[in-house]
Every structure is written in C-alpha cells, then in structure tokens.
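The values are calculated or read from the model by the stated rules, or taken from the named source; none is laboratory data. Just so it is clear, the model here is predicted, and its values are computed rather than measured. Cβ placement follows ideal geometry from the backbone for every residue including glycine, while neighbour counts extend to all protein chains displayed. Heavy atoms of the whole protein, side chains included, go into the accessibility calculation; ligands, DNA and RNA do not. Shrake-Rupley method; radii C 1.70, N 1.55, O 1.52, S 1.80 Å.
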Amino acid sequence: MPRSPRAEILTIDGPGGPLALRVIRPQGKARGAYLHIHRGGWVWGAADEQDPWLERIADTCGFVCLSVEYRLAPEHPYPAALEDCEAAALWLAGPGKAELGVHALTIGGESVGAHLAVMTLLRLRDRHGLPRAFRGANLNAGFFDLGLTPSVRLWGNERLVINTTDLKRFADGYVREGIDRRRPDVSPLYADLKGLPPALFTVGTADPLLDDTLYMSARWAAANNGSAFAGLSGNTPFYNSLLAVGMLVGRFFVIIPALAIAGSLAAKKTLPASAGTFPTHGGLFVGLLVGVILIVGGLTFLPSLALGPIVEHLAGAAGQTFPAGG
C-alpha cells in the first residue's frame with residue numbers, strides 16, 4: 001500500500017534495543033490511541049504496510065494510530081515479537097498517554113497481529129496487573145491456535161491469500177521445535193480470557209482462519225468480556241445470537257446450581273432438637289469445620305501435603321523403596 005506522508009517514527013526502549021512505532025495522527029482532535037500490530041505470519045511484513053487503513057481509522061475514529069515494528073522470526077523466534085508488543089503497550093499505557101495527550105486506548109491487528117494483540121492483553125493482565133489498560137480490541141482474522149484449527153488443516157493448497165502450507169510455515173518459523181504450540185502462552189485460544197476488554201472479531205467465509213475467529217469469539221463472550229462479530233455476509237444474526245447465549249451461560253448458568261441448593265434447603269421444615277441432633281454452636285462442630293477448611297485448603301494450595309507424597313517420604317525414610325513400574 002502507499003505510504004502516508006503524515007506518518008512519523010517514534011522510538012522507545014524495547015527488550016531487543018530501540019523499538020520503532022509508526023505514528024499517524026488524526027487530522028482533528030485526538031480522542032484516543034490505537035496500538036496496531038501488523039500481519040505477516042511473524043516472519044515478514046512491516047509497520048508501514050497498512051498506512052491507508054491506519055489513516056482511515058485515525059480520521060474516522062479520532063485515534064492516534066501507532067504500528068509496532070516488532071522483531072521478525074525466524075531470526076527472532078517466540079517470544080521476541082510478543083515482548084516488543086508488550087513493551088509498546090506498556091509505554092502507551094504509561095508515559096505514552098501524556099506524550100500523545102490521550103486517555104482511551106485500543107489495540108488490534110490482522111492475522112498474527114490479532115494473535116499478538118490478544119497475547120499482549122494477557123501479559124498486561126497476568127504480569128503487570130493491567131487487565132483493562134485497553135478499552136477494546138479490534139481482531140481481524142486472527143491466528144489464535146498455532147496447533148491449527150480444523151479450517152486451517154482442511155483448507156488445502158488453494159491460495160486466495162494464504163493456504164494450509166503457508167500457515168504451517170509461519171508457525172514453524174515463529175515457534176521453535178520442542179515448544180507445545182497449544183500452550184496458553186503460545187496459542188491464546190487455550191488461555192484464560194477472563195477480565196479482558198470487549199473485542200470486535202472480523203473474518204470472511206473464504207478464510208482458512210475462520211474457525212480461529214469463531215472459536216475465539218465464543219470463548220471471549222463466555223468469559224463475559226463483551227464481544228461482537230462481523231463477517232459471514234456481514235454481522236450474521238446467528239453468530240451474534242450465539243455469542244449472546246454464550247455470555248448468558250458463562251455469566252449466569254453457574255448460579256443456577258447454587259440457587260437450587262439454597263431453594264432446597266429453604267424448603268426443608270425446621271425440626272425440634274433431639275438426641276440425634278448435631279449442635280452447631282459447640283466446640284466439636286467448630287473444630288471439625290476449621291479442620292476441614294485447613295485440610296482442603298492445604299491440599300488445594302500445597303500439593304506436597306497430598307497423602308501420596310507423604311506416604312512415599314515416610315516409606316523412603318524407613319528404607320522401603322518401590323521398583324520402577326511396579
């Protein structure tokens with residue numbers, strides 16, 4: 001695409017050295033900022049390849065658009081690109097706000113750019129305690145499962161833009177051999193998505209990454225983040241309704257069993273105390289309750305207290321060993 005004469009380069013400190021951000025400002029007053037992460041399969045592409053799109057976003061939305069010039073694989077494999085995007089997001093959520101004169105922040109990208117955008121949001125939440133530093137995400141045909149979803153595996157060799165072989169090569173170039181590609185810190189489709197901002201998911205029917213977007217949008221909605229879906233002949237009612245049902249189930253379905261138990265208990269008749277009644281105001285009940293809480297809490301948060309390791313330790317201390325496979 002043609003490069004914008006309005007673009008400027010802003011350089012910040014990055015984990016691999018100086019990190020360039022390509023900046024396109026709106027023609028009017030800035031209402032916020034959009035952190036853009038470019039496409040290219042992690043192995044090619046650049047921040048200056050989507051200038052017309054970013055100009056349109058800048059002028060239509062009033063956003064200062066910043067595109068990250070992240071390091072490319074295979075020379076810089078996982079997690080180099082993600083670390084660069086994380087650094088850019090932290091700068092924008094910190095000193096960048098004052099420098100650009102904005103408050104509302106959004107993030108997004110296309111294909112692997114959408115992947116890196118979600119991974120950046122997860123890192124902000126888990127590593128920096130900033131789950132809502134960005135108010136929204138714009139995720140266009142994201143590559144969310146590096147283990148390959150069915151639509152990617154079954155696409156074949158037809159190359160409208162990319163095909164199955166291309167996507168496999170992209171994943172091979174980005175993630176070194178021996179790393180599980182369906183780890184949550186590699187493929188965000190398998191991550192805990194709670195607490196992330198609302199997102200707009202966009203994809204077309206003739207796209208091998210169709211399933212990635214469908215699956216991720218459903219999980220995003222079920223995590224109660226708020227999401228919308230565009231694509232499939234434009235804003236298809238079926239999928240928007242499906243997302244609404246997902247949000248309903250994810251938010252309220254877990255309450256139903258608790259309400260059922262509470263209703264069952266409330267419906268029970270109060271009986272007078274008898275010889276078989278276990279008093280709940282005495283020391284025995286309090287001791288049992290505290291004991292259960294300590295045991296369950298210990299087994300939950302301190303797995304080393306589980307019975308198996310303790311027995312093995314005591315047996316080992318007594319000189320008893322167990323043959324391998326026995």
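Given Val245, Val23, Gly45, which one lies farthest toward the positive end of the charge dipole of the chain, if we put +1 on the Cβ of every Lys and Arg and -1 on the Cβ of every Asp and Glu?
About the Cα centre, the residue reaching furthest to the positive side is Val245.
Which net charge results when you count Lys and Arg as +1 and Asp and Glu as -1 among the other residues whose beta-carbon is under 15 Å from that of Thr202?
Charge balance near Thr202 sits at -2.
Where the centroid of each part is defined by its Cα atoms, how far is the stretch 267-287 from the stretch 73-98 in Å?
Taking the Cα centre of the stretch 73-98 as reference, the centre of the stretch 267-287 is 60 Å away.
Using a Gaussian network model of the chain whose springs link C-alpha atoms within less than 10 Å, name the residue from Pro188, Pro257, Pro77 with the highest mean-square fluctuation.
Pro257
Using only the Cα atoms, work out Rg/Rh for the stretch 7-49, with Rh taken as the Kirkwood radius, to two decimals.
1.01
Counting DSSP beta bridges in the chain, what percent are antiparallel, to the nearest 5?
Counting only bridges with both partners in the chain, antiparallel ones make up about 30 percent.
If I compute volume of the Cα convex hull per residue in Å³ from the structure I just sent, which labelled value in [x] 124; [y] 139; [z] 259 lines up?
The value computed from this structure is option [z].
If you build a Gaussian network model of the chain, linking Cα atoms that sit under 10 Å apart, which residue out of Phe301, Phe238, Phe201 swings the most?
Between Phe301, Phe238, Phe201, it is Phe301 that shows the largest mean-square fluctuation.
At what distance in angstrom do the alpha carbon centres of the stretch 13-50 and the stretch 160-194 lie from each other?
Going from one Cα centre to the other spans 22 Å.
What does the charge dipole of the chain about its Cα centre add up to, to the nearest 20 debye, if the Cβ of each Lys and Arg holds +1 and the Cβ of each Asp and Glu holds -1?
Dipole magnitude for the chain comes out near 1060 debye.
If you roll a 1.4 Å probe over the chain with all protein chains in place, what percent of the accessible area is carbon or sulfur?
Roughly 62 percent of what the probe reaches on the chain is carbon or sulfur.
Quick one: which residues, 5+ away or cross-chain, put their amide H under 5 Å from the amide H of Gly136? H built at 1.01 Å from N.
HN-HN under 5 Å from Gly136: Ile107.
Is there a quick way to get the dipole size of the stretch 65-116? I mean about its Cα centre, with the Cβ of Lys and Arg at +1 and of Asp and Glu at -1; what is the value in debye to the nearest 20?
160
Report the accessible area of Val118, computed with a 1.4 Å probe over the heavy atoms of all protein chains in place, in Å² rounded to the nearest 10.
About 0 Å², rounded to the nearest 10.
Ignoring ligands, DNA and RNA, how do Ile37, Ile255 rank by accessible area with a 1.4 Å probe, largest first?
Listed by decreasing accessible area, they come as Ile255, Ile37.
For the stretch 285-300, take each phi angle, set θ = phi - 60°, evaluate the Karplus expression 6.51 cos²θ - 1.76 cosθ + 1.60, and give the result in whole Hz per residue in order, putting x for glycine and proline.
Once θ is set to phi - 60°, the couplings for the stretch 285-300 become 5, 4, x, 5, 4, 4, x, 5, 4, 5, 5, 5, x, x, 5, 7 Hz.
Across the stretch 37-192, how large is the tail of the calculated P(r) beyond 27 Å, expressed as a percent of all Cα pairs?
Across the stretch 37-192, Cα pairs with separations above 27 Å total 23 percent.
Would you mind telling me which residue in Tyr34, Tyr70, Tyr215 has the biggest mean-square fluctuation in a Gaussian network model of the chain, where springs connect alpha carbons within a distance under 10 angstrom?
Maximum among the listed residues: Tyr215.
About the Cα centre of the stretch 79-174, how large is the charge dipole given +1 on each Lys and Arg Cβ and -1 on each Asp and Glu Cβ? Please answer in debye to the nearest 20.
I would put it at about 260 debye.
Rounded to the nearest 10 Å², what accessible area does Ser274 show when all protein chains are kept and the probe is 1.4 Å?
About 80 Å², ignoring ligands and nucleic acids.
Rounded to the nearest 10 Å², what accessible area does Trp53 have for a 1.4 Å probe in the complete protein model?
Rounded to the nearest 10, that gives 100 Å².
Divide the volume of the convex hull of the Cα atoms of the stretch 1-72 by its number of residues and quote the answer in cubic angstrom per residue.
Hull volume normalised by residue count: 83 Å³.
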